[in-house]
Amino acid sequence: MNTIAACTIALGCFLGAGTSQACSCLKEEFFLKEDGWAVEVLAAKTDIVHARVVEVLADGNARIEAINALKGAGKVSILIRGTTYPTCDIRFKVGEEFVYLLDSSTTVHLCDRLKPTPAILHSLEEMLTKKPPADEARKR
């Protein structure tokens, strides 16, 4: 095998390995559809809060100020940077606003936040008032 072919194969393996753990988030448009699956995703979250970052701590975590608690008590004040998947890592910035979709650990990855557009906020509020399809089926 010649040197060019060997380098091409090695480069392909290197690039392929990096993409196998790429951060693959649901697009924000997913939360505008108000379908059953989106409702289930939201139902599984402990807290959903529209918040502003007011301080970035030395460890990279963030202190937030809740603007609106869409689900939960809105008492979350610290967000923990998720580091499990480096490609999904967050770098918080003071002043930024997002809707954070949180589980009980309050660990945040790129996929756990949405831009707080009026359409997203309205759609989330609508979906959070609906029961997941599985719950509705059990009532029958």
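Couple of notes before you dig in:
- Looking at Lys130, Lys75, Lys115, Lys93, just one residue is touching a residue at least 40 places away in the same chain (Cβ under 8 Å), exposed (fewer than 14 other Cβ atoms within 10 Å of the Cβ) and over 15 Å from the mean Cα position of the chain (by Cα), and that residue is Lys93.
- Scanning the range 45-63 turns up no residue that is at pLDDT below 85 and not in a helix (DSSP H, G or I).
- Residues satisfying the stated conditions in the range 46-72, i.e. touching a helix residue (DSSP H, G or I) at 6+ places or on another chain (Cβ under 9 Å) and crowded, with 16+ Cβ neighbours inside 10 Å: Ile48, His50, Leu70, Lys71
- Residue check, Ala22 more than 19 Å from Lys115 (Cβ to Cβ), modelled with pLDDT under 90, assigned to a loop (DSSP other than H, G, I, E, B) and within 17 Å of the chain's Cα centre (by Cα): yes
- Matching residues, the range 80-101, being under 21 Å from Ala44 (Cβ atoms) and in a helix (DSSP H, G or I): Cys88
- Screening Gly95 with (1) modelled with pLDDT of 95 or more; (2) on the phi < 0 side of the Ramachandran plot; (3) out of contact with any Leu (no Cβ under 8 Å at 6 or more places or on another chain) gives one miss only, at (2).
- Note on the range 102-126: residues that are in contact with an Asp or Glu (Cβ under 7 Å, 6 or more places away or on another chain) and in a helix (DSSP H, G or I) total 3.
- Of the set (1) modelled with pLDDT under 85; (2) within 13 Å of the chain's Cα centre (by Cα), all apply to Val108 but (1).
The values are calculated or read from the model by the stated rules, or taken from the named source; none is laboratory data. Because the structure is predicted, anything quoted here is derived from the model rather than measured. In this analysis, Cβ positions are derived from the backbone assuming ideal geometry, glycine residues included, and neighbour counts consider all displayed protein chains.
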